[in-house]
Amino acid sequence: MSLAEKISDLDTFLTYSVVLEEEAADRHDELADMMEVHNNPEVAATFRKLAHYSRLHAREIRDRSSGRSLRVIAPWDFEWEGMEGPETGDISDVNYLMSTGHALKIAMGNEQRAHDFYFEISKGSPDPAVRALAAEFAEEEKEHLELLEKWLEKHPESDEDMRWDPDPAHMPE
Ligand code: ZN
């Protein structure tokens, strides 16, 4: 059974959505912090804006579901791409090394995944009310993606951007 098929009522959908949006807000804030380190306040502001949208969205979802209880859900199979890559132990190294182009790519990957999550549900949930709301959410994620795409055009990726030292700090042994 796919995740979308399991999301068979509005409560379940809203529970997943609020977790997703709150996570998204945290991820965007991390990227914004990173762009501040890189002295790129405009891109930082864009990530802050996306974090703000996600928090607004989460609040909206909580309001919509007031009176119902949003269950705390168990870990699920939604994968965020964050700072904690498998080969990176120290977040400050990553902050330092990550380029604007790379940060935008990560943000776009996350928005794309959020979009796909909502889109799948808009097609696969057995409940028509869930499908309709999921379609609305998918549309919003698409707008976020478009915003990031515009930035990426201004920061075309070079090889330099994508070069990624997996082991930046050589500690003396
Ligand atoms: Zn979004």
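List of remarks:
- Candidate cross-link partners of LYS142 among the lysines, defined by an alpha-carbon separation under 20 Å and a same-chain spacing of 8 or more, comprise LYS49, LYS105, LYS123, LYS150, LYS154.
- Centroid-to-centroid separation of segment 117-136 and segment 6-31 [C-alpha atoms, Å]: 14
- Extending 7 Å from Cα along the Cβ direction at ASP26 and again at GLU146 yields two label points whose distance is 3.0 nm.
Readers should treat all values here as calculations from the given coordinates under stated rules, not as data from a laboratory. Bear in mind the structure is a predicted one, so any value in this text is a computation, not a measurement. Cβ sites come from the backbone with ideal geometry, for glycine too, and all protein chains shown count toward neighbours.
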